[in-house]
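Everything on this sheet refers to the single structure shown next.
The values are calculated or read from the model by the stated rules, or taken from the named source; none is laboratory data. Given the structure is predicted, the values throughout are model-derived calculations rather than measurements. We place every Cβ from the backbone using ideal geometry, glycine too, and count neighbours over all the protein chains shown.
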Amino acid sequence: MLDLLIYLFENYLSTKPKLNMTDITLELEEAGFKNQDISSAFEWFNHLEKLSEDSKLTDNDSLRVLSPKEYEKISDEAFAFLKFLLDAKILNSTEFEIILDQIMILNQKSINIDEMRWIVMMTLWKGGKENTYLFVEDAIYQNKSINLH
């Protein structure tokens, strides 16, 4: 499903202010995406939007420990990248939690660093942090991997 999310983000959500979901659904079906996957992708973005708007978490410096399911799903490299963004104050603790929540509702077994970069970028974009998300976009298109310390 992440491929569909990225496709939606690149071709529709990040570029067009007003969207006709019926037309998008028809285009996606014509492109070969399954209706169930399309519905799930729209639900994922709707959930992200709701969390971004309604989040009441406060930003703090507490230590976040992954649950066993999160630890199993998120690669070490992907989590190190996410932690790097938190430590560098690119993400706040609320955004960090939103990203973890969005990862856990994805219907896939694991998340690698490239997938993490996309999820972070979509989350920052949805939260109105377009300038910050450009940093993450640069990370997505880099040929070399980032050295995280």
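Summary table
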read-out: Residues of the range 1-35 classified as among the polar types (S, T, N, Q) and closer than 23 Å to MET116 by Cα, total; value: 3
read-out: Top-ranked residue in the range 1-50 [being more than 22 Å from ILE105 (Cα to Cα) and of a type in the set (S, T, N, Q); ranked as surrounded by the most Cβ atoms within 10 Å (Cβ to Cβ)]; value: ASN11
read-out: Of all residues in the range 75-84 being of a type in the set (A, V, I, L, M, F, W, C) and at pLDDT 90 or above, the one that is surrounded by the most Cβ atoms within 10 Å (Cβ to Cβ); value: LEU82
read-out: Members of the range 55-74 that are modelled with pLDDT of 90 or more and either aliphatic (A, V, I, L, M) or surrounded by 15 or more Cβ atoms within 10 Å (Cβ to Cβ) (or both); value: GLU70, LYS73, ILE74
read-out: Candidate set: the range 84-113, residues that are in a helix (DSSP H, G or I) and without any contact (Cβ under 8 Å) to a residue 24 or more places away in the chain; chosen: the one farthest from TRP44 (Cα to Cα); value: ASP87
